[in-house]
1. I want to confirm something. Restricting to the stretch 114-128 and keeping residues that are assigned to a loop (DSSP other than H, G, I, E, B) and modelled with pLDDT of 95 or more, which single residue is surrounded by the fewest Cβ atoms within 10 Å (Cβ to Cβ)?
2. If you go through the stretch 133-155 one residue at a time, do you hit one that is under 15 Å from Q56 (Cβ atoms) and either open to solvent by less than 20 Å² (accessible area, probe 1.4 Å) or outside any helix (DSSP H, G or I) (or both)?
3. What's the number of the only condition in (1) surrounded by 14 or more Cβ atoms within 10 Å (Cβ to Cβ); (2) outside any loop (DSSP other than H, G, I, E, B); (3) modelled with pLDDT of 70 or more that I26 fails to meet?
4. Would you mind stating whether E96 is under 17 Å from M1 (Cβ atoms), among the charged types (D, E, K, R) and open to solvent by 20 Å² or more (accessible area, probe 1.4 Å)?
Amino acid sequence: MSYIKTKISNSDKEILREIQDSLENITLPTSFSNSSTRGINHAVKTGTTNQRGARQTIFGIVKYKGVKQNSKFLEKYPHVMDLCKKFIHNHYHGFEFDGVYVNKNTTCKKHQDSRNVGKSLLVGFGSYTGGQSVLYLNDEEHKFNIKTNSLIFNGSEIPHKSMPFEGTRYSLVFFKA
């Protein structure tokens, strides 16, 4: 199987609410750019540089010029990573990760990941409707509601995107740097 779908429990939802409460008190960086050449590679690849309300950052380990180091947001807000570890321990104990990519109000166009190679765990939360995640398996679209089920898949091998939504939509991508 090319993906694993796992139901979000009530206790998972409680932890995700804690994460959301913490993230609401942090100014997440914008991906928006008036220039087509400005922006980080991932934001350009996913099309979030064209979205005024899109916010993205990483908590955990990042690779910069081939060297692994703590992200600025991990250094500044270590409690968020503690909550993410609590979520994984409760939801899918044993899933290994050292980074969490946070998306707020992003609609990603079809892409494949280049940095988080290997299995990633994707989960969504917030007060939104729509916003399904789409995996392209054998050239067919498969839609998933990541608010009710997490999704584990290899985003460097499987093209994926997110659908439009209404409301405030967060997603977390747990990965190994």
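The values are calculated or read from the model by the stated rules, or taken from the named source; none is laboratory data. This one's a predicted model, so the numbers in the text were calculated from it and none came from an experiment. Cβ placement follows ideal geometry from the backbone for every residue including glycine, while neighbour counts extend to all protein chains displayed. Areas reflect the complete protein model, heavy atoms only, side chains present, ligands, DNA and RNA absent. Shrake-Rupley method; radii C 1.70, N 1.55, O 1.52, S 1.80 Å.
1. Looking at the filtered set, the residue picked out is S127.
2. Within the stretch 133-155, one or more residues are under 15 Å from Q56 (Cβ atoms) and either open to solvent by less than 20 Å² (accessible area, probe 1.4 Å) or outside any helix (DSSP H, G or I) (or both).
3. Of everything listed in (1) surrounded by 14 or more Cβ atoms within 10 Å (Cβ to Cβ); (2) outside any loop (DSSP other than H, G, I, E, B); (3) modelled with pLDDT of 70 or more, I26 misses just condition (2).
4. no
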